[in-house]
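Below is one structure, written out as structure tokens, with a few remarks after it.
Taken together, the values in this text are just the output of simple stated rules run on the coordinates, not laboratory data. What you see is a predicted model, and the numbers here were worked out from it, not measured in a lab. Positions of Cβ are generated from backbone atoms using ideal geometry, with glycine treated the same way; all protein chains shown enter the neighbour counts.
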2 protein chains.
Amino acid sequence: MDQRSDAGHPTVGAWTKRCYLAGRALMDSTLRPYDLGSTQWYVLWHLAHVGPTVQRDLGRALELERATLSGIVATLVRKGLVRQTSSGDDQRQRLLTLTAAGETLWRELPDLSFIHDAAFGGIDEAELATTIRVLQTATGRLNNLLRKE
Amino acid sequence: MDQRSDAGHPTVGAWTKRCYLAGRALMDSTLRPYDLGSTQWYVLWHLAHVGPTVQRDLGRALELERATLSGIVATLVRKGLVRQTSSGDDQRQRLLTLTAAGETLWRELPDLSFIHDAAFGGIDEAELATTIRVLQTATGRLNNLLRKE
DNA sequence: CGAATATCGCTAGGTAGCGAACGAATTATG
DNA sequence: CATAATTCGTTCGCTACCTAGCGATATTCG
């Protein structure tokens, strides 16, 4: 979504895309030596910090569709980093746990918080708050339109 | 790239992702009846407004890698909407032109500018300017880090 | 209780993005 | 001029997002 105006001057939409893709690119390139994608990293992060999690809850936490997470988990299982066991309560649910290999790899991984700091560190707090409010407003409006279709 | 903080409160990065994805989702769902993706729409837009364009220049205008655009153009060619001819000057270059079918389809397509208006319309100009500046700064920093790797 | 409904995870098929590597063509350089 | 370096577009293989639809399980409700 470039959303650049006809005149070619920069729009909020265009910068939103650029910024999102640049951040993801830096995450990806940092994680490339570990053969890990950015969203795979978030799954490991969650399992390492929160502990074993039912797939459904993980999907809600990371704001991913079931199908999307399903594929990412399959990759991590194939790599031997995550284990899927059937949860006792609900036979449909799958409980996700880090394997020993997953825990070992997690300890080797670099801290990725430097990316957010590098991007937004030192910027005036009020301006950051404004940015969040604008993006939040726009997102809400877009999701409203989406739901009405 | 969620980039949500450990505490879980919203970060600029998280909202950047949400906003970008919400905008693209609305574009995609608007274009679904025409069996067209958002970036395909941008290619048609450019060819309809600017005229026949060398693939390389189109890639720069839309800020897409050669490989990415290559695939998108292939799809549009397969659909019979765009024609690829070899440019006279440089035998490597490929000139892109709308076919008759492409021009016909373009005339039927809805105006998508309502999306940007719906998202950011009515928001204080100064706040929008701040948002752009923050995102622009962050993007620049991220790209700097990327280049240094 | 039994039937309709909802939810969980998976598969299939699609778009959009990337890097790496390659052939062909062009440009720069020794 | 000949060779080296670059550029253009393609292909390959990957991540990450989506919708639609399926089977199995839970839940709700008549």
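Just a few scattered comments:
- The H on the amide N of B:K79, modeled in the peptide plane, is under 5 Å from the matching H of no residue at least 5 residues off or on a different chain.
- Residues whose amide H comes within less than 5 Å of that of A:R94, counting only those at least five positions distant or on another chain, are A:Q55, A:R56, A:S87 (H built at 1.01 Å from N in the peptide plane).
- FRET efficiency, A:E63 to B:V54 (Cβ-Cβ, R0 45 Å, nearest 0.05): 0.70
- Summed side-chain charge close to A:L69 - residues other than A:L69 whose Cβ falls under 12 Å, Lys, Arg +1, Asp, Glu -1: +1
- Diffusion of the stretch A:37-109 by Stokes-Einstein, at 20 °C in a medium of 1.002 mPa s and with Rh set to the Kirkwood radius over alpha-carbon pairs, works out to 177 µm²/s.
- Other protein chain C-beta atoms within 10 Å of residue C-beta, averaged over B:123-132: 5.
- Here the Karplus relation 6.51 cos²θ - 1.76 cosθ + 1.60, evaluated at θ = phi - 60°, turns the backbone of the stretch B:75-80 into coupling constants of 4, 5, 5, 4, 7, x Hz, with x for every Gly and Pro.
- Each Lys or Arg adds one and each Asp or Glu subtracts one; over the other residues with Cβ under 14 Å from the Cβ of A:T137, this totals 0.
- Here the contact order of chain A, divided by its residue count and restricted to Cα pairs under 8 Å and six or more residues apart, works out to 17 percent.
- The charge dipole of chain A, taken about the Cα centre with unit charges on the Cβ atoms of Lys, Arg (+1) and Asp, Glu (-1), comes to about 560 debye, rounded to the nearest 20.
- Nearest-first distances (nm) between copies at B:A48, label 7 Å from Cα via Cβ: 4.8
- Under 22 Å of direct C-alpha separation, and excluding same-chain neighbours fewer than eight residues apart, B:K17 reaches these lysines: A:K17, A:K148.
- Separation between Cα centres of the stretch B:31-46 and the stretch A:43-65, rounded to whole Å: 34
- Each copy carries a label point for B:R32 at 7 Å from Cα toward Cβ; from one copy, the others' points are 3.5 nm away, ordered from shortest.
- Within 10 Å of each Cβ in A:20-31, the average number of Cβ atoms from other chains: 6
- The charge dipole of the stretch B:62-149, taken about its Cα centre with unit charges on the Cβ atoms of Lys, Arg (+1), Asp and Glu (-1) only, comes to about 600 debye.
- Close amide H pairs (under 5 Å, H built 1.01 Å from N) link A:T11 with A:S5, residues at least 5 positions away or on another chain.
- The phi torsions of the stretch A:41-49, fed into the Karplus equation with coefficients 6.51, -1.76 and 1.60 and a -60° offset, translate into couplings of 4, 5, 5, 4, 4, 5, 5, 6, 8 Hz, rounded to whole numbers, with Gly and Pro shown as x.
- Between the stretch A:96-146 and the stretch B:95-126, the Cα center-to-center distance that results, in Å: 30
- Prolate/oblate/rounded call for the stretch B:94-149, Cα gyration tensor, a/c under 1.5 rounded: oblate
- Inter-copy label distances at B:S86 (7 Å, Cα→Cβ; nm, one decimal): 6.1
- Gyration tensor (alpha-carbon) shape descriptor, chain B, a/c threshold 1.5: prolate
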